[in-house]
Amino acid sequence: MPVANCDRGSQQFVTVIKTEEKGSDVNIATHLVNDGYKKEIDVAVLITNDSDLKEPVRIVREELKLDVGIINPHLKPSRTLVKYASFVKKIRKGVLHSSQFPDILKDSNGEFHKPSEW
């Protein structure tokens, strides 16, 4: 990837490890709508604040007449999701804290640490 704040004429590149997830919101949306159409749910609950999930939540609520709740992990819930959700609840800080993995975990590749801001 290009180095930030570099002159265009002397642009430099570095190798980075990208940890962003890809496709999980599409997968969640697909399964939410599919499960709704197949009548495999009475109520769906999503732990998210991602407004990209507005349309599948709307479809399940308005077209399939099923409840979809949002459990919000952020301080301010997405207004778009609030508009379409059956209910919105906030994750309390203490509950979130007690549900986390330890600060240090190990796997076959070695030790890794939870980000300090978590």
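The values are calculated or read from the model by the stated rules, or taken from the named source; none is laboratory data. Just so it is clear, the structure is predicted and the values come from calculations on it, not from any experiment. Every residue, glycine as well, gets a Cβ built from its backbone with ideal geometry; the counts of neighbours run over all protein chains shown.
Below are the figures for this structure:
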| quantity | calculated |
| --- | --- |
| Top-ranked residue in region 70-79 [being in contact with a helix residue (DSSP H, G or I) (Cβ under 9 Å, 6 or more places away or on another chain) and part of a loop (DSSP other than H, G, I, E, B); ranked as modelled with the lowest pLDDT] | Pro73 |
| Residue in region 83-97 that is farther than 30 Å from Lys114 by Cα and either among the acidic types (Asp, Glu) or loosely packed, with under 15 Cβ neighbours inside 10 Å (or both) present | yes |
| Any chance Val57 is part of a helix (DSSP H, G or I) and of a type in the set (Val, Ile, Thr) | yes |
| When residues of region 3-25 are limited to those that are surrounded by 10 or more Cβ atoms within 10 Å (Cβ to Cβ) and either in contact (Cβ under 8 Å) with a residue 12 or more places away in the chain or of a type in the set (Val, Ile, Thr) (or both), the one farthest from Arg79 (Cα to Cα) | Val3 |
| Tally of residues being surrounded by 10 or more Cβ atoms within 10 Å (Cβ to Cβ) and under 20 Å from the mean Cα position of the chain (by Cα) across region 98-110 | 0 |
| Selected residue [over 14 Å from the mean Cα position of the chain (by Cα), aliphatic (A, V, I, L, M) and at pLDDT below 90] from Val60, Val82, Val14, Val33 | Val14 |
| Hits in region 36-57 (condition: under 12 Å from the mean Cα position of the chain (by Cα), charged (D, E, K, R) and over 21 Å from Leu96 (Cα atoms)) | Asp52 |
| Pairs where the first residue, in region 98-118, is aromatic (Phe, Trp, Tyr) and the second is loosely packed, with under 10 Cβ neighbours inside 10 Å, C-beta under 8 Å, 6+ apart | Phe112/Ile104; Phe112/Lys106; Trp118/Gln100 |
| Those residues of region 26-49 which are touching a residue at least 12 places away in the same chain (Cβ under 8 Å), assigned to a loop (DSSP other than H, G, I, E, B) and surrounded by fewer than 16 Cβ atoms within 10 Å (Cβ to Cβ), in sequence order | Asp42 |
